[in-house]
Amino acid sequence: MIVEMKAGASSGEIDGVVQRAESLGFQSQLNLGTEKTVVAILGGNTGFLSTDIFAVLPGVERVTRIMKPYKLASRDFKMEDSVVCLNGIEIGGKRVVVMAGPCAVETEEQLMVVAKAVKESGACVLRGGAFKPRTSPFSFQGLGGIGLELLAQAKARYNLPVITEVLDPRDVNIVSQHADIIQVGSRNMQNFALLTAIGKDKSPVVLKRGFSCTVTEWLTAADYLLAEGNSHVILCERGIRTFEDSIRFSLDISSIPVIKKASHLPVIVDPSHAAGHYSLVPAIAKAAVAAGADGLLIEVHPNPKEALVDGLQSLTPSDFARLMEELKLVAKSVGRYI
Ligand code: PEP
Ligand code: MN
């Protein structure tokens with residue numbers, strides 16, 4: 001249930017709504033908007049609650065029920081676009097934020113070469129996996145803590161914020177100490193213990209879409225992060241399983257405008273994991289920017305043939321540089337910049 005306060009409602013009046021919710025055994029979350037405050041009444045079964053209980057309170061403008069399963073991620077709760085800020089970079093603003101780097105951190109040399117190259121081409125966040133979610137337990141699992149150290153070194157050397165994935169709630173703390181953005185991979189979109197731990201940590205987080213999950217399930221998973229008070233949530237479309245087998249995953253391009261309508265959260269696109277092949281990455285990346293994506297997450301490797309993970313879908317630094325020039329034109333044509 002959403003309680004919209006009148007413009008200029010006093011803090012005492014807002015508090016009155018919160019107190020009433022708590023006295024009835026519900027939780028509440030505030031969206032202190034620029035024009036008015038919205039209080040979400042959450043938990044328990046608000047379906048049995050009459051809207052009048054809140055409508056009669058002083059300072060209340062309107063009370064409505066959110067019929068969708070996701071609440072805090074919904075535009076009903078927050079009308080204005082959310083912008084996630086890190087190191088002066090805004091994700092969800094006019095700039096299309098490009099995050100690029102290797103699938104996995106492999107060696108110091110590999111990471112530094114890529115970090116330098118992607119920075120020179122205009123990427124503003126470095127990606128690199130230290131903990132890799134591999135389908136087989138016998139595949140390279142990532143360098144773990146050593147990988148995190150290398151990412152921190154690359155960040156310091158090239159003044160590039162870093163994004164890296166966390167797989168285990170017990171690693172959230174160490175990952176957030178080394179990285180600027182925590183990535184929740186597709187396979188963990190509905191790992192609720194992990195989401196709760198990251199929600200409590202409050203670091204900026206990229207929540208990748210589960211490849212078999214609907215947009216509704218994805219936004220409802222985002223509520224786990226938001227419910228813990230972490231408002232720095234960025235969504236990432238990375239392709240879904242369909243009957244189509246000419247591509248690794250089908251990028252659901254329509255999820256971008258669908259999310260923009262349903263939610264206030266920024267949404268970026270990972271064309272690499274959808275494509276599965278480097279030759280398909282540029283077209284998908286450009287389509288994503290044209291469709292309104294707030295950023296891109298792209299795999300780049302200095303020598304894709306030698307990559308330990310996802311070499312086939314990784315761009316070389318020179319391919320990435322060329323793509324960035326093309327992306328600038330697409331961004332400009334939709335009133336954005338890179
Ligand atoms: C990745 O970004 O390296 C990754 C494993 O992606 P996804 O979770 O989308 O498969
Ligand atoms: Mn990968």
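Details
- Helices (runs of 4 or more DSSP H) contained in the stretch 184-273 and holding at least 1 residues touching a residue at least 60 places away in the same chain (Cβ under 8 Å): 215-227, 255-262
- Close Cβ contacts (under 7 Å, 6 or more residues apart or on different chains) running from residues in the stretch 69-88 that are within 13 Å of residue 40 (Cβ to Cβ) and not assigned by TED's automatic domain parsing to the domain that holds residue 221 to residues that are modelled with pLDDT of 95 or more and surrounded by fewer than 17 Cβ atoms within 10 Å (Cβ to Cβ) comprise 70/216.
- Residue list for the stretch 293-329, filter: surrounded by fewer than 24 Cβ atoms within 10 Å (Cβ to Cβ), part of a helix (DSSP H, G or I) and either within 15 Å of ligand 1 (Cβ to nearest atom) or outside the structural domain of residue 140 (by TED's automatic domain parsing) (or both): 304, 311, 312
- If you go through the stretch 185-214 and keep only what is aliphatic (A, V, I, L, M) and either within 16 Å of ligand 2 (Cβ to nearest atom) or in contact with a strand residue (DSSP E or B) (Cβ under 9 Å, 6 or more places away or on another chain) (or both), you end up with 189, 194, 195, 198, 205, 206, 207.
- Pairs, first farther than 12 Å from residue 118 by Cα and free of Cβ contacts under 8 Å to residues at least 60 places away in the same chain in the stretch 295-309, second within 14 Å of ligand 2 (Cβ to nearest atom) and β-branched (Val, Ile, Thr), C-beta under 7 Å, six or more apart: none
- Tally, over the stretch 98-153, of residues that are of a type in the set (Val, Ile, Thr) and surrounded by fewer than 24 Cβ atoms within 10 Å (Cβ to Cβ): 4
- In the stretch 84-97, the residues that are at negative phi and either surrounded by fewer than 14 Cβ atoms within 10 Å (Cβ to Cβ) or assigned to a strand (DSSP E or B) (or both): 84, 85, 86, 89, 90, 91, 94, 95, 97
- Selection within the stretch 154-166: residues that are part of a loop (DSSP other than H, G, I, E, B) and not aliphatic (A, V, I, L, M). The member of this set that is surrounded by the most Cβ atoms within 10 Å (Cβ to Cβ) is 161.
- For the stretch 215-242, taking the residues that are out of contact with any Pro (no Cβ under 9 Å at 6 or more places or on another chain) and among the acidic types (Asp, Glu), the one that is nearest to ligand 2 (Cβ to nearest atom) is identified as 237.
- Filter result for residue 280 (assigned by TED's automatic domain parsing to the domain that holds residue 329, in a loop (DSSP other than H, G, I, E, B), crowded, with 18+ Cβ neighbours inside 10 Å and away from ligand 1 (no atom under 15 Å from the Cβ)): no
- With respect to (1) within 16 Å of ligand 2 (Cβ to nearest atom); (2) of a type outside the set (S, T, N, Q); (3) free of Cβ contacts under 8 Å to residues at least 40 places away in the same chain, the lone exception for residue 140 is condition (3).
- Pairs are defined by a Cβ separation below 6 Å, a sequence spacing of at least 6 or placement on different chains, a first member in the stretch 49-64 that is without any contact (Cβ under 8 Å) to a residue 60 or more places away in the chain, and a second member that is in a loop (DSSP other than H, G, I, E, B) and surrounded by 14 or more Cβ atoms within 10 Å (Cβ to Cβ); the pairs so defined are 59/6; 59/9; 61/6.
- Residues of the stretch 107-137 that turn out to be in contact with a strand residue (DSSP E or B) (Cβ under 8 Å, 6 or more places away or on another chain), within 16 Å of ligand 2 (Cβ to nearest atom) and outside any loop (DSSP other than H, G, I, E, B), as a count: 7
- Filter result (farther than 15 Å from residue 227 by Cα and either assigned by TED's automatic domain parsing to the domain that holds residue 228 or surrounded by fewer than 18 Cβ atoms within 10 Å (Cβ to Cβ) (or both)) within the stretch 19-31: 19, 22, 23, 24, 25
The values are calculated or read from the model by the stated rules, or taken from the named source; none is laboratory data. Only a predicted model underlies this, so the values are computations on that prediction, with no experimental measurement involved. We place every Cβ from the backbone using ideal geometry, glycine too, and count neighbours over all the protein chains shown.
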